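Colleague: One structure, pasted below without further comment.
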Amino acid sequence: MQNTPQHPQEAKQRDFTKRWFDAQHALGGFVRLQIRHHSDADDIIQEVAAQAAINFDQYDPARPFAAWLFGIARQRIAEWYRKQNRTPIMFSSEAVDLLLPALAQQQAEPSERVDALRLCMSKLNEKQLLLIDLRYHHELSSEDIADEIGTTPSSINVMLFRIRDALRRCVEHRLEADA
Amino acid sequence: MYTPSNDKLLCRVLSGPLTPELSSELDDWLREDPQNPVLLAQFMLLENLIPAVRKEFSAESILALLLQLENDAEPIYITQDVERTLRKKAGAIVHDPLVRLFACVACVVIVVSGAFWALSTLIAANTASTAPQIADQQVQADETLVTDERIVAMLTASYNATWAMPDGMSDPTANDALHPGDRLTLTAGFAEITTNRGAVALLEAPTTIELFDNDNAMRLHDGKLIGFCETASSKGFIVRTDDADITDLGTKFGVIADHETGTLMHVFSGSISAGGRADTVNANKQLLLKAGQSAVANPNDGLVSKPEAAAAFLPKIDLSAADLPITAAYTQAVKQLNPLAYYRFEERVGNEFRNEMGDRFTLSCFGDVVSKGSDANRSAVFEDGFLETRQAIAPLTHGDYTIEFWARSEHEIMCHLITLKVTSKLTNAVLTFEPALRFEHRADPSNSAGSGDTISSGILSKTGQWQHVVAVRSGQEIRLYVNTVLVGTAESPRPLSTAPQLKIGSNTKIRSPLQLDEIAVYDKALSEQQVREHFRLIANDEMRLRRPVP
C-alpha cells in the first residue's frame, strides 16, 4: 500500500466507490423487484450508477446513501414505464421508508453475502438449479418455464419462491454463524 | 411475523409484476410487523445476487466448495466449469457424480493445506475488487512479474489464434490455466481469457497481455481488449496500460493500447473509472466514463474524453466468402423485431421471392435475378433485372422506417440498390452505389436526384466483402450505418407523403454482379444497439467465441 497524500478528487471518488459497492446489492434488488426484465433492470442500475457518480457532489452525507440511490432509481423506473407507455407502478414511498432501515440492518459485507449465497446455491439440486437458470439466466417468464417443464405458471411461482426462501434462510443462517 | 399468508404475498411480490392492489397490500404488510421489512430486505438482496452467483465461475468458488466439502457430508452440485478446473487441479478424470464426489475428496487432501493460504490471498484480492481505487494500489503492490504456479486466469476460448510465445513455451490452448508472469502475444485471430473472479477479456490480434499476481487484473502492453464484467465478483476488473489504469464498475468496455498514440477506451454499457498511471504526466487524473463515452490517455493529450470511438472496436473479420454466413440466431433476431417484410432469397418460386413475414409484399421478378449459394444460405444475384412488390407498403408513410440489407460486389459498380417507388418515374427513397453509398429520403416523390434529404457516405462499393447497410428514418432525422458505423446523418423534417412499392435492383445492366441478402423493411427506426446486435450475430458466428463482441 502507498501512503501518498490523497488528491481531493481522488478522495471523493474513493468515497463514492466505497459507498456504491456497499449499497449496490440493495439497489439492485430494489430495481429488480420492480422491473422484471433483467437487461432493462441492468440498464437502469447502470444509469443510476452513472448519474450518482456524476452528481455525487449533491449527495448529503447526513442521509443514507441507499436512500439517495433509491430516489434516483425511482425516477429512472418511472421513465422506463413512460417509455413503455405504461403507468408507473412502484413501491410506495412509505414502503421505501420502511425498507431502508431494514436494509441498513443487514450488516454483512456484500462479499460475505455473496460467499454465503454461493455455498447455499451449491446445495440446490439439479431441478432447483434448472429453475433458477431458466428464470435468472434465460430470463424466461413463469409461463414459459411452465411450458418448458410441463406444469402451471402458478406452480412455477411457488417452486421459485420456495427456492428463494430456502436460499434466504440458508444465507442468513450462515451469516449469523460466521458473525 | 412470518406466516403462510406472508408466503403468499411475498410469492406474488417476487413473481411480479407489481400491481396497484399488490403495492397497497404490501404497504399494509410492511406496517404490520417490524420484522416484515427485514424479510423483504433479505429477499431484495437475494434477488440481485442470485443471477450473478449462478453464472459465476472462479477459483474462489472452487476453493470454497472444497472447504465446504470437508465439513459437509451433503452432496454438492458441481458445474462443468468447476469440474474442469477440479480436473486440472487434481489431474484426474471425473465422470459421474459419485466419482466426482470422491475426486473432490481427493482434491481436498491435495489442496486443503494450500487452500487456507490461497483463501487468505483471495480475501486480500477481494478487497481489491470491491474498491477500484484501493484495487489500483493493490495492483501496484501485486505487479510482481515473477512466474509462480498460482492460477489467476484461464484461456477459455480462441478462434484462428496464433501466438508468439517465448522460447521453450508452447502455444496456449483452450482451458489452459494462466499464472502470474505469463505473457501472451496473440499474432492472429481472437482469444478469450477469464480471470479467477469471472471477468472476461476478449483479445483481438495483434495483442500482447501480461498477467500479474492479482485475480482480476491484467496488463495490456499493446493491442485491443474488450472486457466483460457481468458477475458480482468480476466487478472491479482492472486493465493496466502504459498510460492508464482502467477499472470496471460493472460493464462492457474496450481498450486499445498503442505505444505511439496511447490508450483509447470506450464504454459499451455500464461505466468505468480511468486513472492516469502514477508514473506518467496523467498522475492523479481520473475520469468516469459511462455507456457510449470514450477517452484517450497519452503524454501529449493527457487523459481526456473524446468523441464516441465505438467503431475502433469493431472486429476486423473477413466477410469475403461468397455466401453470407447467416445463422438461425440472426434470422430470429430480425423476425423478433417484426419487420413488414424480410426477404432471405432462399428459393425462387416461379417468378417470385417470398416475404418471410407473411403473404403480403411478395417480390416479383423482372429480368435476370437468381438465387445463388449453398443450401439455406442463398442470396439474390442481380445482373440485369430487378425485384418489385406488387402492393404499396402503406405503413412506411407513418413516419419512422428502416431498410436493412447486406450487399456485396466484386468490383466497383454504380447502380440502384433499393428504391421506394410511387410510379416508374417517381421515387421517394433511394439507396444507391454511385459508386459511394448514398441514401436519399424524399418526402414528396420526385424523379430528381438530390431533391430530398440526402446522406452521401463516401463508402465505396468495391470491396469484395459483404457490407451491412442500414438506412433509418427516426423522428426528424435520417441515418445511415455501414457495418454498424454511423457514416452520416441528415435532417429529415417530413415523412413520406405517398405509400411506395419496394423495388430492389436496377433497371439497367450492372457492370459486375451485385449480391443482396437478408433485406428487411421495418415501419420503425432500428436503434444503434439493434443495428450492432445484428452485425454482431454474423461476426460472432464467424469467430465462434463464447462472448459476443459488443
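The values are calculated or read from the model by the stated rules, or taken from the named source; none is laboratory data. Fair warning: this is a prediction, and the values are worked out from it, not measured in the lab. All Cβ positions, even for glycine, are placed from backbone atoms using ideal geometry, and neighbour counts span all protein chains on display. The accessibility values were calculated without ligands, DNA or RNA, using every heavy atom of the protein model including side chains. Shrake-Rupley method; radii C 1.70, N 1.55, O 1.52, S 1.80 Å.
Colleague: So how many residues does region B:312-347 have that are closer than 28 Å to B:D523 by Cβ and not in a loop (DSSP other than H, G, I, E, B)?
Modeller: Count: 12.
Colleague: Just wondering, is there one or more residues in region B:317-336 that are modelled with pLDDT under 75 and among the β-branched types (V, I, T)?
Modeller: Of all residues in region B:317-336, those modelled with pLDDT under 75 come to B:317-318.
Restricting the remaining residues to those that are among the β-branched types (V, I, T) gives B:317.
Yes.
Colleague: Which of the residues that make up region B:220-270 are surrounded by fewer than 24 Cβ atoms within 10 Å (Cβ to Cβ) and without any contact (Cβ under 8 Å) to a residue 24 or more places away in the chain?
Modeller: B:E260
Colleague: May I pose another question? Residue under question is B:P495, and the condition is that it be open to solvent by less than 30 Å² (accessible area, probe 1.4 Å) and touching a helix residue (DSSP H, G or I) at 6+ places or on another chain (Cβ under 9 Å); does it hold? So that I can check it myself, show each step before the final result.
Modeller: Details: open to solvent by less than 30 Å² (accessible area, probe 1.4 Å): no; touching a helix residue (DSSP H, G or I) at 6+ places or on another chain (Cβ under 9 Å): yes.
Here the answer is no, as B:P495 does not meet what is asked.
Colleague: Run down B:F190, B:F253 and say which single residue is assigned to a strand (DSSP E or B) and more than 19 Å from A:A49 (Cβ to Cβ). Break it down into steps so the answer makes sense when it comes.
Modeller: Numbers: B:F253 fails: more than 19 Å from A:A49 (Cβ to Cβ).
Residue meeting the stated conditions: B:F190.
Colleague: Then there's this: On the basis of being in contact (Cβ under 8 Å) with a residue 40 or more places away in the chain and either assigned to a loop (DSSP other than H, G, I, E, B) or within 24 Å of B:T331 (Cβ to Cβ) (or both), does B:S379 make the cut?
Modeller: Values: in contact (Cβ under 8 Å) with a residue 40 or more places away in the chain: yes; either assigned to a loop (DSSP other than H, G, I, E, B) or within 24 Å of B:T331 (Cβ to Cβ) (or both): yes.
Judged against the criteria, B:S379 is a match.
Colleague: A further question follows. Take the conditions closer than 30 Å to B:N377 by Cα, surrounded by fewer than 21 Cβ atoms within 10 Å (Cβ to Cβ) and without any contact (Cβ under 8 Å) to a residue 24 or more places away in the chain and apply them to B:E477. Does it pass?
Modeller: Working: closer than 30 Å to B:N377 by Cα: no; surrounded by fewer than 21 Cβ atoms within 10 Å (Cβ to Cβ): yes; without any contact (Cβ under 8 Å) to a residue 24 or more places away in the chain: yes.
When the stated conditions are applied, B:E477 does not pass them.
Colleague: What are the pairs with Cβ atoms under 6 angstrom where one residue, in region A:18-31, is more than 7 Å from chain B (Cβ to nearest Cβ) and the other, located anywhere, is part of a helix (DSSP H, G or I) and open to solvent by 10 Å² or more (accessible area, probe 1.4 Å)? Sequence gap at least six, or different chains.
Modeller: Close Cβ pairs (under 6 Å, with a partner that is part of a helix (DSSP H, G or I) and open to solvent by 10 Å² or more (accessible area, probe 1.4 Å)) amount to A:R19/A:F65; A:A23/A:F65; A:A23/A:A66; A:V31/A:I45.
Colleague: Another question, then. Among all residue pairs at least 6 apart or on different chains, which show Cβ distances below 6 Å where the first residue, located in region B:15-28, is of a type in the set (A, V, I, L, M) and the second is open to solvent by 50 Å² or more (accessible area, probe 1.4 Å)?
Modeller: Listed by first residue and then by second, the contacts come to B:L22/B:R12.
Colleague: Further question on the same structure: Would you confirm, using the coordinates I've provided, whether A:E112 is touching a residue at least 40 places away in the same chain (Cβ under 8 Å), more than 7 Å from every other protein chain (Cβ to nearest Cβ) and open to solvent by 70 Å² or more (accessible area, probe 1.4 Å)? I'd like the intermediate steps shown before the answer.
Modeller: Numbers: touching a residue at least 40 places away in the same chain (Cβ under 8 Å): yes; more than 7 Å from every other protein chain (Cβ to nearest Cβ): yes; open to solvent by 70 Å² or more (accessible area, probe 1.4 Å): yes.
Taking the combined requirement at face value, the residue satisfies it.
Colleague: Taking region B:29-51, which residues are more than 7 Å from chain A (Cβ to nearest Cβ) and in contact (Cβ under 8 Å) with a residue 12 or more places away in the chain?
Modeller: Selection gives B:W29, B:E32, B:D33, B:Q35, B:N36, B:L39.
Colleague: On to the next question. Against the condition at pLDDT 85 or above, within 28 Å of A:A50 (Cβ to Cβ), part of a loop (DSSP other than H, G, I, E, B) and open to solvent by less than 60 Å² (accessible area, probe 1.4 Å), how does A:F70 come out, does it pass? Full working, then the answer.
Modeller: On the way: at pLDDT 85 or above: yes; within 28 Å of A:A50 (Cβ to Cβ): yes; part of a loop (DSSP other than H, G, I, E, B): no; open to solvent by less than 60 Å² (accessible area, probe 1.4 Å): yes.
No, not satisfied.
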